[in-house]
Amino acid sequence: ALFWVMATVHPEELAAIVLQYLDQNNFTKAHQAFRQEAKALVENLDAGNQLIRPLSSILSEYVELKQKDMARCARPGPFEPLTLRSQQFVGAFGDQPHITGALSR
């Protein structure tokens, strides 16, 4: 079983990820501007810290987990056959005036 832990991502961690992304993609002006604007967040960052996963890796993992979650949610649950049979029943008799009127009330 999977257990999800709600973790808080601190602003300093986000700033480090952004700086790493800008640096790795040679956005030197943006890197300098962000470092200046986020000075309070980045002043204690270790410049050589490579423990942070690249943003592309984080986003790829997120997309993969989201797709797995969507696939899991799309699987029929225990009541799905009953719901489907109910819809088929209503569809089969929906064109009958006395049933259509009763269903629309």
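In the range 4-46, the qualifying residues are those that are in a loop (DSSP other than H, G, I, E, B), of a type outside the set (A, V, I, L, M) and under 19 Å from S56 (Cβ atoms), and the one that is most open to solvent (accessible area, probe 1.4 Å) is N26.
When the test is whether a residue is out of contact with any Ser or Thr (no Cβ under 7 Å at 6 or more places or on another chain), open to solvent by 80 Å² or more (accessible area, probe 1.4 Å) and at pLDDT below 80, A102 does not pass it.
The values are calculated or read from the model by the stated rules, or taken from the named source; none is laboratory data. Here the structure is a predicted model, which means the values were calculated and not measured. Reconstructed Cβ throughout: ideal geometry from the backbone, glycine too, with neighbour counts over all protein chains shown. Note: areas computed on protein heavy atoms with side chains; ligands, DNA, RNA excluded. Shrake-Rupley method; radii C 1.70, N 1.55, O 1.52, S 1.80 Å.
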